[in-house]
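The values are calculated or read from the model by the stated rules, or taken from the named source; none is laboratory data. Quick caveat, the model's predicted, so the values are computed rather than measured. Neighbour counts are summed over all protein chains in view; Cβ atoms, including those assigned to glycine, are modelled from backbone coordinates with ideal geometry.
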Amino acid sequence: MTPEIVALSIILLSITGGIIFARLSFQKKQRRLIRDRLNLVFNESTLENNSTGILSIRKDRGKNRFKNQEDGQQREGLRLPGRSLVLSFAEHIHLLSETASLNNGFERFKQTTIVMAVLPVIVALALGSDQNLDQSLLIAVGAGLALATLPYLYLLFAANRMKQKFIQQLPEATDLIVSVLRTGHSIPRAVQTVAEEIPAPLGTEFQEIHQRLNLGQPLSEALSASAVKYDSHELDLIRRAVAIQTEVGGSLAELLDKTNSTLRQRLKLVRHIRVLTSQSRLTGIIVGALPILLALVLNYLKPGYLDPLFNKEMGRLLLIVSVGLQIVGMMIMRKLSTMKV
């Protein structure tokens, strides 16, 4: 097996590992930030109505619980999308598959991952010679590990695409709910109207919410499952408004109308920030692609010019270091161009 193939396998494995590490680090930081903010809120503030004794929100064993002071009844608080911290990997894949609307997503993910991981080893055993079999197997294992991450990356991409589409459809669906409620119809009828009028993915999800309502769940609890599924803070904001309205009373249509105005302003701000950071994101893409394109051009104009990077030990070491620095640079550029709203 040639040194070029060894170097390319190392590069591919390093890039894939760097992407996964950056993704996990970013998610961990965001979850920690959300947890700290929630702890601050529930440590410093308590919503109480002493005259009617209707609602109090308190922190109990790290979970949010709604307490009815009139009869002492306690109901388990709804888990926030950002607080699903301890999920097993299987549950995580199930959740991503549901978000991406993939049928039998977990089974297909397992099968594809196993095939991707084992296929390079089978090819190495079938085509490799006895003289360099150990080296071929080592390279095949590295390539298999790199290829095994591709189904997970695709699942993340598909789930994120569906999530963004869901969020963009949410203000329109909320307006439709408000319109139906103002005409005098019930909440289940408003949810059913959204399921019939709005296309997927939001229409499909509201069909499931309607089924939960038919089974006797309150609207806030029916919305909470969808908020966790799509990791949507926008839908969780609507769920909170519905939960408060259920406890304290008032016009749900008016409350949803005001909440929807906040959602529209938030989405507008997100689009504005995306435009302002477009130059930084473009710079990150250029920084990541320029060394690869330059290497290909140099190798085309003068074949063999880059051979020292692959044939000499110092060249291979410098190549690995450069790839690592390249990944770090891309992560920094991504961080600089990312703003949470």
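Can you confirm whether residue 280 is small (Gly, Ala, Ser), surrounded by 13 or more Cβ atoms within 10 Å (Cβ to Cβ) and farther than 30 Å from residue 192 by Cβ?
Working: small (Gly, Ala, Ser): yes; surrounded by 13 or more Cβ atoms within 10 Å (Cβ to Cβ): yes; farther than 30 Å from residue 192 by Cβ: yes.
Criteria met by residue 280.
Here are 242, 328, 323, 287: which of them is at pLDDT 85 or above and part of a helix (DSSP H, G or I)?
242
Would you say residue 261 is farther than 28 Å from residue 22 by Cβ and either surrounded by 11 or more Cβ atoms within 10 Å (Cβ to Cβ) or among the charged types (D, E, K, R) (or both)?
Yes.
With respect to the numbered conditions (1) closer than 29 Å to residue 20 by Cα; (2) touching a helix residue (DSSP H, G or I) at 6+ places or on another chain (Cβ under 6 Å); (3) at pLDDT 90 or above; (4) surrounded by fewer than 19 Cβ atoms within 10 Å (Cβ to Cβ), which one is the sole condition not fulfilled by residue 157?
(2)
Mind checking which residues of region 215-269 are out of contact with any Pro (no Cβ under 9 Å at 6 or more places or on another chain), under 25 Å from residue 204 (Cβ atoms), without any contact (Cβ under 8 Å) to a residue 40 or more places away in the chain and of a type outside the set (Ser, Thr, Tyr)?
215, 216, 217, 218, 222, 223, 225, 237, 240, 241
Out of all the residues in region 205-246, which are among the polar types (S, T, N, Q) and farther than 18 Å from residue 171 by Cβ?
207, 211, 214, 217, 220, 224, 245, 246, listed by residue number.
Look through 178, 123, 141, 118 and report the one residue that is of a type in the set (Val, Ile, Thr) and within 30 Å of residue 267 (Cβ to Cβ).
On the way: 123 fails: within 30 Å of residue 267 (Cβ to Cβ); 141 fails: within 30 Å of residue 267 (Cβ to Cβ); 118 fails: within 30 Å of residue 267 (Cβ to Cβ).
Just one listed residue meets the conditions, 178.
Restricting attention to region 323-333, and to residues there that are more than 22 Å from the chain's Cα centre (by Cα) and surrounded by 13 or more Cβ atoms within 10 Å (Cβ to Cβ), which single residue is farthest from residue 306 (Cα to Cα)?
329
Considering region 292-319 alone, what residues qualify as being part of a helix (DSSP H, G or I) and either touching an Asp or Glu at 6+ places or on another chain (Cβ under 7 Å) or exposed (fewer than 13 other Cβ atoms within 10 Å of the Cβ) (or both)?
292, 293, 294, 296, 297, 298, 300, 301, 310, 313, 314, 317
Matching residues to (1) in contact (Cβ under 8 Å) with a residue 24 or more places away in the chain; (2) in a helix (DSSP H, G or I); (3) among the aromatic types (Phe, Trp, Tyr); (4) touching a strand residue (DSSP E or B) at 6+ places or on another chain (Cβ under 7 Å):
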position	(1), (2), (3), (4)
103	no, no, no, no
123	no, yes, no, no
142	yes, yes, no, no
164	no, yes, no, no
167	yes, yes, no, no
175	yes, yes, no, no
178	yes, yes, no, no
193	no, yes, no, no
